[in-house]
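First up is the structure itself, then whatever we jot down about it.
The values are calculated or read from the model by the stated rules, or taken from the named source; none is laboratory data. This structure is a prediction, so every number in the text was calculated from the model and none was measured. Note: ideal-geometry Cβ built from the backbone for every residue, glycine included; neighbour counts use all protein chains shown. For accessibility, only protein heavy atoms count, side chains too; no ligands or nucleic acids. Shrake-Rupley method; radii C 1.70, N 1.55, O 1.52, S 1.80 Å.
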Amino acid sequence: MSKIIILMGAPGAGKGTQARLLEERRGLPQISTGDMLRAIAKADTRLAHEVRAVQAAGKLISDDMVIRVVNERTSREDCRHGYVLDGFPRTTAQAAMLERLAVEQGNNIVAVFVDIPFELLEKRAAGRRTCPVCGEIYNIYSKPPKSQGVCDIHPEAELTQRTDDTVEKIKVRLETYKQQTRPLLDYYNGSKHLYTIDGTREPEAIYAEIVGVIDESIKLGSASTV
Ligand code: AMP
């Protein structure tokens with residue numbers, strides 16, 4: 001049975017980095033609701049304007065809209081053998097929708113929590129830089145590019161900083177996380193298949209552990225839907 005891997009964790013925990021590695025190395029499409037919403041926000045429409053405003057404020061986009069985006073994206077052919085969710089679900093309504101979707105798609109859910117102490121998160125998120133061409137994620141503190149300010153793979157591309165990755169906005173996003181998303185940990189913990197991983201280590205060590213969790217759950221066939 002195919003797997004839906006949910007990467008949970010606060011902003012700056014490293015979910016995006018891990019989702020990209022899983023996509024590159026295991027062929028599991030990375031479904032990042034943050035990226036998809038940022039793409040929608042680029043248009044010159046009223047909807048785009050609304051999405052930009054909510055993202056800039058560090059608040060959550062409506063469940064209805066995010067659920068529609070996830071439904072559409074995961075129904076595509078490349079998701080048939082499973083996928084990685086990065087940044088979804090973030091509310092209990094989204095988690096409930098995912099349960100239904102998993103049943104419909106015949107997928108099992110594996111929830112992985114990348115755990116990082118709150119005091120590290122601000123610095124992590126504020127140090128994040130992204131390549132506008134390939135989306136590679138760097139961190140000026142923990143994973144700097146070889147040449148300052150440019151992507152290793154696309155040296156012509158200047159790295160960009162997300163507008164919501166300033167210290168001030170990160171504080172609001174962490175508050176939103178605490179109030180609306182962190183309670184989901186209990187939801188998944190209660191159903192006995194939340195795997196907690198120490199997110200303070202090097203990305204490769206975290207990746208190895210996540211892959212171990214996925215392989216174990218495939219072997220045991222234990223990751224039944226909640
Ligand atoms: P991220 O890239 O995951 O940090 O998401 C950036 C922003 O996109 C968030 O602060 C929210 O405004 C919005 N967003 C991303 N995923 C979701 C979601 N599952 N539900 C609601 N809003 C989301």
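When the criteria are applied in full, residue 170 meets the requirement of being open to solvent by less than 30 Å² (accessible area, probe 1.4 Å) and more than 21 Å from residue 83 (Cβ to Cβ).
Scan region 16-33 residue by residue and report those that are in contact with a helix residue (DSSP H, G or I) (Cβ under 9 Å, 6 or more places away or on another chain), within 20 Å of residue 162 (Cα to Cα) and open to solvent by 20 Å² or more (accessible area, probe 1.4 Å). If the condition is that a residue be in contact with a helix residue (DSSP H, G or I) (Cβ under 9 Å, 6 or more places away or on another chain), within 20 Å of residue 162 (Cα to Cα) and open to solvent by 20 Å² or more (accessible area, probe 1.4 Å), then 17, 30 are the ones that fit. Candidates 47, 85, 101: the one that is under 26 Å from residue 214 (Cβ atoms), more than 12 Å from the ligand (Cβ to nearest atom) and not in a loop (DSSP other than H, G, I, E, B) is 101.
Evaluating residue 12 against the criteria (1) at pLDDT 95 or above; (2) near the ligand (Cβ under 10 Å from one of its atoms); (3) among the small types (Gly, Ala, Ser) leaves one unmet condition, (1).
Just give me the residues in region 77-102 being touching a residue at least 12 places away in the same chain (Cβ under 8 Å) and open to solvent by 20 Å² or more (accessible area, probe 1.4 Å), in sequence order. Write out each step before concluding.
Taking region 77-102 first, the residues touching a residue at least 12 places away in the same chain (Cβ under 8 Å) are 78-95, 97-99, 101-102.
Within region 77-102, 78, 80, 81, 90, 92, 93, 99 meet the criteria.
Taking the conditions exactly as written (open to solvent by 50 Å² or more (accessible area, probe 1.4 Å) and within 16 Å of the ligand (Cβ to nearest atom)), does residue 72 satisfy them or not? So residue 72 fits the description; yes.
Looking for whichever is in contact (Cβ under 8 Å) with a residue 24 or more places away in the chain, under 17 Å from residue 40 (Cβ atoms) and of a type in the set (A, V, I, L, M) here; the options are 114, 133, 69. Which one fits? Even if it seems obvious, please write down each step before you answer.
Numbers: 114 fails: under 17 Å from residue 40 (Cβ atoms); 133 fails: under 17 Å from residue 40 (Cβ atoms).
Of 114, 133, 69, the one residue that is in contact (Cβ under 8 Å) with a residue 24 or more places away in the chain, under 17 Å from residue 40 (Cβ atoms) and of a type in the set (A, V, I, L, M) is 69.
Residue 158 - would you say it is without any contact (Cβ under 8 Å) to a residue 40 or more places away in the chain and open to solvent by 30 Å² or more (accessible area, probe 1.4 Å)? The answer is yes for residue 158.
Here's the yes/no breakdown for (1) within 15 Å of the ligand (Cβ to nearest atom); (2) in a helix (DSSP H, G or I); (3) over 16 Å from the mean Cα position of the chain (by Cα); (4) not aromatic (Phe, Trp, Tyr):
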site	(1), (2), (3), (4)
66	yes, yes, no, yes
89	yes, no, no, yes
96	yes, yes, yes, yes
124	yes, yes, no, yes
145	no, no, yes, yes
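Listed conditions (1) aliphatic (A, V, I, L, M); (2) away from the ligand (no atom under 12 Å from the Cβ); (3) part of a loop (DSSP other than H, G, I, E, B) are all met by residue 60, apart from (2).
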